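A short worksheet on the structure shown next.
The values are calculated or read from the model by the stated rules, or taken from the named source; none is laboratory data. For clarity, every value in this text was computed on a predicted model and none was experimentally measured. So basically every Cβ, Gly included, is an ideal-geometry build from the backbone, and we count neighbours across all protein chains shown.
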Amino acid sequence: MFSEQKNERNSDRKIDRKNLYYFSMFFLLYELTIYLSNDMIMPGMLQVVNDFNASKESIALSLSLYILGGSMLQIFLGPIADRVGKRKVMLAGNAMFLVATLCIPFASSIEQFLAARFFQGMGSCFIFIGYAMVHELFDDAEAVKLTTILSNAGIFAPLIGPVIGSVIVSQLHWQYVFIVSLLLGVITFAGLFRFMPVGKPSSHQFNFKSIKQSYLKIFRNKQFMVGILIAGAAITPLTAWIGLSPVIVMDHMQRSYGTYIAYQCIIFSGFILSTIAVQKLANNLSLKKMIQQGAWISLAGMSGFGLAYQYSELFILGMFIFSFGFGLFNGGLIRLAMIATGESMSLTSSAMSLLYCIYISIGLEVYNLVGERFSYSLASYALVNVPLGVVVFLSLMRFVKTHEADQPALAAST
């Protein structure tokens with residue numbers, strides 16, 4: 001199967017490179033739109049719960065349901081994408097996102113709002129299809145560079161999402177956030193329809209037994225399972241910050257929209273810098289070295305903001321350092337985990353996306369429970385991260401140590 005996958009990649013290289021990069025650009029916009037639809041509404045969630053006379057716990061619950069919705073379909077979409085083609089499935093997912101987004105402004109209760117958010121989150125189920133296509137069509141160096149940019153799009157959204165959302169909810173109403181998301185979704189649909197490669201659907205019959213065996217091999221692959229678990233645990237503090245920061249900063253700390261936006265911009269700009277760093281380092285460092293360096297930096301940042309939470313400036317600096325370190329190791333970690341299975345990239349990506357969403361949803365609920373217990377104080381968020389940071393660091397070091405061989409510099413594999 002792995003040799004068939006390589007042959008498919010080689011045949012797909014005949015696709016016009018210009019169109020291929022246009023596809024990557026619109027896929028990036030699609031992923032960014034999915035995450036922006038969540039991050040733009042976060043500054044307005046206090047307005048949402050007030051409008052519906054709901055509790056503040058609904059703020060984090062909205063994010064949890066959004067992420068949980070993003071874990072519902074992947075296990076089925078992988079085989080379907082292999083059978084009917086990734087293009088058709090991707091466009092269907094974009095259309096589903098548009099329909100759900102259109103429904104949210106018409107919600108008349110918090111229950112309807114949360115239900116619509118769950119179905120809107122299903123749009124993220126289809127993101128893995130674009131990742132699978134990138135891994136199939138590009139070599140190691142290009143794939144790591146592109147996936148770093150793509151994966152960081154999910155973190156770039158909290159940098160600009162709160163800014164856009166704050167402007168919208170301060171001047172208009174929270175419903176207009178989803179109108180903006182709808183317009184962006186229409187643009188991505190048009191771009192993907194025009195430039196996404198058609199690809200070659202599998203010529204084999206839809207064989208449930210074969211699919212089951214492939215999934216079993218993927219889920220039994222220790223390298224894959226450990227790598228995705230580490231990745232899910234590592235990103236949870238940042239996801240929890242996205243969900244809880246409106247309450248922590250604007251409600252508990254009584255800071256302004258401006259301060260909230262400034263905090264988000266500083267923290268998540270670390271990902272912008274890490275993306276630039278990866279583009280420069282990918283041709284000179286092995287994946288193993290990049291993961292190790294990112295692990296040390298992220299540990300320093302997480303320890304810093306966990307121990308210096310009494311001083312908001314030091315806390316934000318520590319979060320910035322952590323986000324930079326995470327951006328360095330995340331792309332390489334995901335790459336090593338995915339190629340370890342030797343199975344179809346569609347199936348591997350769907351399994352990765354499913355596990356990723358489950359781990360993040362569970363982690364977010366843990367942070368929400370801790371926050372609720374301690375009135376969403378900054379200390380309750382910060383102190384949880386110290387032991388988690390140590391565990392993630394040690395797990396990363398063990399992961400690269402047990403990898404079968406030190407990877408050569410990516411430039412050597414092109």
Taking interchain pairs and intrachain pairs at least six residues apart, which have beta carbon atoms under 9 angstrom, with the first residue in segment 103-132 and among the acidic types (Asp, Glu) and the second surrounded by fewer than 19 Cβ atoms within 10 Å (Cβ to Cβ)? Glu111/Phe52
Where Phe118 falls short, out of the listed (1) out of contact with any Gly (no Cβ under 9 Å at 6 or more places or on another chain); (2) at pLDDT 85 or above: (1)
Options Phe271, Phe305, Phe326: the member that is modelled with pLDDT of 90 or more and crowded, with 17+ Cβ neighbours inside 10 Å: Phe326
Between a residue in segment 280-302 that is at pLDDT 90 or above and any residue that is surrounded by fewer than 17 Cβ atoms within 10 Å (Cβ to Cβ), which pairs come within a Cβ distance under 8 Å, given they are 6 or more apart or on different chains? Ala295/Met397; Leu299/Val390
Those residues of segment 53-68 which are over 13 Å from Ile127 (Cα atoms) and assigned to a helix (DSSP H, G or I), in sequence order: Glu57, Ser58, Ile59, Ala60, Leu61, Ser62, Leu63, Ser64, Leu65, Tyr66, Leu68
Thr348 being closer than 26 Å to Met225 by Cβ, part of a loop (DSSP other than H, G, I, E, B) and hydroxyl-bearing (Ser, Thr, Tyr): no
Among the residues of segment 82-92, is any in contact with a helix residue (DSSP H, G or I) (Cβ under 9 Å, 6 or more places away or on another chain), at pLDDT below 80 and over 23 Å from Glu372 (Cβ atoms)? yes
Note on segment 37-52: residues β-branched (Val, Ile, Thr), in a helix (DSSP H, G or I) and within 16 Å of Cys103 (Cβ to Cβ) are Val48
